[in-house]
C-alpha cells in the first residue's frame, strides 16, 4: 500500500465552486472557467501515489498549482473534491481533532519562508512543536539537540536566528519538522529563496539526510535541475493538471508533451542519466571454464577484439584479448587462465552518472564493464556511448 495516495483531487477558488467543478470535470479549460464563472482552478483532477521512503517531486512554473496541491495534502487548504489517503485513511473526512493529530505527529512541513521566532534560541525554535504537544522539557531539549546535530547545526543550539546564514536558517526549519519524527515530510519550495551555492549545498544535505532518516517526502519546486537531482519520481504540473509522472530518466528521455519537452530541452543530461541508460547488453562473453578456441570463435563472430570472462554465476573474472586467446589456442592450451587480465579495464555500477564516466572513457582501452554489488556483469559501455549520452539527441535515442 502507498503511504500517500491522492485520488481525483480538485481545488477551486471563487464564489461558484460547484459550477466550476462541473465545468472542469466536463473538460472546460482553466481560462474558460475563469471567464464564465470568475473561479480559478488551482488543482485539476490530480491523482498520484507516493511510496514509503520515496522522494516525490512536484515541478511546474509559477501558477501551475504545485503549492496549492501540497497545501491540500495536509488540509492547510481544503480540497473542493477528491480524496487524500494517508496509510489508507482519507484525511478529507477527518474531524478537526484528528487532523491536528495528523499534522502534529504524521506530517511535517517545511516552507520557503523559514518563519523562525526571532526571540527564541535555535533549540527553542526546533522544540516548539514538542512544547505544543506537552512533551517534558528535558526530553524536548534532548530531541532538539539530536535533530540539530542531524542537520549539521551542532554548536548553534543556543544561538538566535539572526546569527545564522540563510542556509543555516533553512536547516533549522527542516530540523523543526524532523524533530516531530513525521512519517511524511512536505517541502514547499524549501530552497528557492537561497543563493545558488547554498541551494546546492542544501540539496546535497537533503540527499544525505534522506539516506539516514528515509522519510516519505513530497518536494515542490519550479527548478528542473533540483527536481532531477532530488526526485525518485517527478510529477510535472501545468495549469493545475499533472501532465506527466515519471523517473528523472523518463521525464528527460520520453517527455509527454511539448510543455515537458520545452522544460527539459537544455538540461545537462550527463548529470542525470546513468550508466544503466547507455550500457549495452553483453551479448559476447565467455565463461572461464571455456577454452581459448571458444573465446576466439566468439570474438570472430561478433567482430570484436576483446571479450569479458565470467564464471557460471556471471561474476566478472576479467577480460581476454583476441591476440592473447589466439596465442593460447595455437599452443594447444585448454584454459583461458593465463590470458585473463584483471587490471586493464574499468568497472562501474549501473547508477554512476554519465558525467562521472567521462574520465574513464577518455583513457579506456577496453569497454567499461557495468557490474552489480556482487560483481555480476550487467552490461558494457563503449566510449562513443558516453559521448553520445552527453548530447540531447544521443541521450534520447539510447
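Here are a few things to note about the model shown:
- Put simply, the convex hull of the Cα atoms in segment 1-134 casts, on average, a shadow of 10.3 nm².
- Between residue 13 and residue 256, the FRET efficiency estimated from the beta carbon spacing at R0 = 30 angstrom works out to 0.65.
- Between segment 4-30 and segment 212-254, the Cα center-to-center distance that results, in Å: 23
- Cα long-axis angle, helix 96-105 against the chain (0 to 90 degrees, to the nearest 10): 40
- Between segment 156-191 and segment 34-60, the C-alpha centres lie 26 angstrom from each other.
- Rounded to the nearest 10 degrees, the angle from helix 137-150 to the longest Cα principal axis of the chain is 40 degrees.
- Computed per residue of the chain from DSSP H runs no shorter than four, each worth -39500 (n - 2.57), the mean residue ellipticity at 222 nm is -11500 deg cm²/dmol.
- Mean separation of Cα contacts under 8 Å (6+ apart) over length of segment 239-321, as relative contact order %: 18
- Segment 201-297 - Rg over Rh from alpha carbon coordinates, Kirkwood radius: 1.20
- Using alpha-carbon coordinates, inclination of helix 196-213 to the longest axis of the chain, degrees: 80
- Relative contact order (%) - criterion: Cα under 8 Å, at least six apart; region: the chain: 15
- Comparing Cα centroids, segment 93-116 and segment 326-352 end up 59 angstrom apart.
- Given (1) 183; (2) 196; (3) 134, the label whose value is volume of the Cα convex hull per residue in Å³ derived from this model: (1)
- Percent of Cα pairs in segment 276-397 per distance bin of 5 Å, from zero to the largest separation: 2, 12, 22, 21, 18, 12, 8, 3, 1, 0.
None of the figures in this text is laboratory data; all of them are computed from the coordinates on show. Because the structure is predicted, anything quoted here is derived from the model rather than measured. Heads up, the Cβs are rebuilt from the backbone with ideal geometry, glycines too, and the neighbour counts pull from every protein chain shown.
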